[in-house]
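One structure is given below, encoded as structure tokens.
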Amino acid sequence: MAYLSESSSSLSFSSLSRLSNGSITHNIPSFSVPETGASLEVISLTKLSSSLEQLVVDNCPVFSDADIVVEDVSVGVHRCILAVRSKFFHELFKKGNEPSEKEGKPSYNMSELLPYGKIGLEAFQVFLSYLYTGKLKPSPMEVSTCVDNGCAHDACRPAINFAVELMYASSIFQIPELVSLFQRRLLNFVEKALVEDIISILVVAFHCQCSQLVSQCVDRVARSDLDSISIEKELPYEVAESIRLLRPKSPPEDEDNEAVVDHLREKRIRRIHKALDSDDVELVKLLLTESNITLDDATALHYAAAYCDPKVVSEVLGLRQADVNLRNSHGYTVLHVAAMRKEPSVIMSLLAKGASAAELTFDGRSAVNICQRLTRPKDYHAKTEQGKETNKDRICIDVLEREMRRNPMAGDVSVTSHTLADDLHMRLLYLENRVAFARLLFPSEAKLAMDIAHAETTSEFAGLSSKGSNVNLRQVNLNETPIMQKKRLLARMEALMKTVEMGRRYFPHCSEVLDKFMEDDLPDLFYLERGTPEEQKTKRSRFRELKEDVQKAFNKDKAEINRNGLSSSSSLKDVGPYKLRKL
């Protein structure tokens, strides 16, 4: 009798929303007797659902007689409703084991109710609303999407994690119809999501005994190039073993000899990883001297960045035996792995040792893009109270974005959108533009930097004049394969990056002016005669400010150059409105 009402929970009553007054006897057309009875039942259920919904509009509903603490927030509940709707809560309240009292009401901690998994505040609120009303609310955007503006949010980590949390709630609190619903939702993620994001789906499927979901996830991971170490570290033994058995094995030429060598090599690598797990870097050094395995062979830095204490990462970096930009079998650099972990101290240690924030994964994601796709808007925009730590998600993104701005090879995050910042052509265009403006504003200094970097002359800024641009970055050469084109563009980008690097080293003040100009000003600043009279006036005012900045920077760098015995002619005298208009 307690669960008879669940069969009607899937009904849709949106068409009856016009009945907003308190009586159901007005404005109802005449029906035959059977139709009237059915309509009255539907209307009654609709009003009952709406009335019960008022009990969960906030975390402190009226007449609540118990609290459930989720993420340090007390959510008031009515035990009679939860007990009728959920066998789990029926048994919990029946026992009378009340761990604590708050304002005379029993208080339960969510973390103590869960045998496995995690349920966040918003997921519990959606679940609780269903228990009260029989209707499932839409997922809140602030916790089921990421902060990457280019993401469709149909398979990013926050979207998956929110569905996983609701799956845990439905299974642990024994609501079978929701278990079926969220199993179907998670099945839709399996082929669309990144393979590393499948791990959380596979874990919840294993705990909730969803055999179909387990089977599809295992098949997807087995077909992927996800390394065996990650699988063993993050999945239950039974699941990891089933994946190992499904993965194809390539037959070696000399089977016996190869098997012995591979087994010995794998054993030595695992010893290094175990030493890292024990925070024993001295043992790692000893193991390296006793075998021909290097830190790069063991991808030890990747392992430490993913699983070890930040101090261990720093100590491994201090050995100076690992390539900080090495890629693992999945195509991830150490910084990519650190971005997935979202630990600021690890990211900053890697950047300090030369890790490149511009490196892309095989599917075109940078470290900052990885962080963005893992971060919920709620966490990114969270206000930090005085005396409390700033959200790590926001720190990681901010640190990586600053590195992308500082490092010219990484492109200009402020100018391009998040989706374009990772694009090779856009990063190359930024460098072309920057060097072109350097030649315009500081011709002598730019030429000297280009000579030092052995870079060829760059094309003028394409956005200023199509006639002045002799290079089309997206031009199609039918005799050039995609690989050849990419190699050509990468070589070009490397030369430009060296030019900018030389400029920063030898002409720091001029470089600062360029940084500010590229970040704050638009290309049409140089079309001084375009726009309305008011716009032209604003442009000329900004241009005069720019000339003053250029003059000051030039004088500072010239003084330093003269002290170092180098010569340079004035660049500013070559810059004028007439010349700029002719571009």
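The values are calculated or read from the model by the stated rules, or taken from the named source; none is laboratory data. In this text, all values refer to a predicted model and were calculated from it rather than measured experimentally. Glycine gets a Cβ as well: all are built from the backbone with ideal geometry, and neighbour counts include every protein chain shown. Heads up: the accessible areas ignore ligands, DNA and RNA and are worked out on the full protein's heavy atoms, side chains in. Shrake-Rupley method; radii C 1.70, N 1.55, O 1.52, S 1.80 Å.
If a residue has to be at pLDDT 90 or above and among the polar types (S, T, N, Q) to count, how many in the range 81-106 make the cut?
Number satisfying all stated conditions: 1.
Can you name every residue in the range 48-66 that is out of contact with any Leu (no Cβ under 8 Å at 6 or more places or on another chain) and assigned to a helix (DSSP H, G or I)?
LEU48, SER49, SER50, SER51, LEU52, GLU53, GLN54, LEU55
For the range 337-364, which residues satisfy the criterion of being closer than 23 Å to SER200 by Cα, open to solvent by 30 Å² or more (accessible area, probe 1.4 Å) and modelled with pLDDT of 90 or more?
MET340, ARG341, LYS342, GLU343, listed by residue number.
Only one residue in VAL164, VAL190 is of a type outside the set (Gly, Ala, Ser) and either over 18 Å from the mean Cα position of the chain (by Cα) or within 29 Å of LEU48 (Cβ to Cβ) (or both), so which one is that? Walk me through it before giving the result.
Working: VAL164 fails: either over 18 Å from the mean Cα position of the chain (by Cα) or within 29 Å of LEU48 (Cβ to Cβ) (or both).
It is VAL190.
Can you confirm whether the range 334-348 contains a residue that is within 21 Å of ARG268 (Cβ to Cβ), over 13 Å from the mean Cα position of the chain (by Cα) and of a type outside the set (Asp, Glu)?
Going through the range 334-348, the residues within 21 Å of ARG268 (Cβ to Cβ) turn out to be 334.
Now restrict to residues that are over 13 Å from the mean Cα position of the chain (by Cα): 334.
After this cut, where a residue has to be of a type outside the set (Asp, Glu) as well, the list is 334.
Scanning the range 334-348 turns up at least one residue that is within 21 Å of ARG268 (Cβ to Cβ), over 13 Å from the mean Cα position of the chain (by Cα) and of a type outside the set (Asp, Glu).
What are the residues in the range 46-58 that are without any contact (Cβ under 8 Å) to a residue 40 or more places away in the chain and surrounded by 16 or more Cβ atoms within 10 Å (Cβ to Cβ), if any?
Just the residues of the range 46-58 that are without any contact (Cβ under 8 Å) to a residue 40 or more places away in the chain, to begin with: 46-48, 51, 54, 57-58.
Within the range 46-58, THR46 is the sole residue that qualifies.
To keep it simple, each residue is scored yes or no on (1) open to solvent by 10 Å² or more (accessible area, probe 1.4 Å); (2) outside any loop (DSSP other than H, G, I, E, B); (3) at pLDDT 95 or above; (4) not charged (D, E, K, R).
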site	(1), (2), (3), (4)
ASN149	yes, no, no, yes
ASP154	yes, no, no, no
PRO158	no, yes, yes, yes
LEU166	no, yes, yes, yes
VAL179	yes, yes, yes, yes
ALA193	no, no, no, yes
GLU196	yes, yes, no, no
LEU202	no, yes, yes, yes
GLU232	yes, yes, no, no
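What number of residues in the range 321-365 are in a loop (DSSP other than H, G, I, E, B), in contact (Cβ under 8 Å) with a residue 60 or more places away in the chain and among the hydrophobic types (A, V, I, L, M, F, W, C)?
2
When you scan the range 67-80, do you find a residue that is modelled with pLDDT of 70 or more and assigned to a helix (DSSP H, G or I), even just one? Even if it seems obvious, please write down each step before you answer.
The first filter runs over the range 67-80 and keeps only residues modelled with pLDDT of 70 or more, leaving 67-80.
Next, from what is left, pick out any that are assigned to a helix (DSSP H, G or I): 79-80.
Scanning the range 67-80 turns up at least one residue that is modelled with pLDDT of 70 or more and assigned to a helix (DSSP H, G or I).
Report, by residue number, each residue of the range 274-295 that is open to solvent by 50 Å² or more (accessible area, probe 1.4 Å) and either touching a residue at least 24 places away in the same chain (Cβ under 8 Å) or under 30 Å from the mean Cα position of the chain (by Cα) (or both). Even if it seems obvious, please write down each step before you answer.
From the range 274-295, those open to solvent by 50 Å² or more (accessible area, probe 1.4 Å) are 274, 277-280, 282-283, 285-286, 289-290, 292, 294; that's our starting set.
The answer is LYS274, ASP277, SER278, ASP279, LYS285, THR294.
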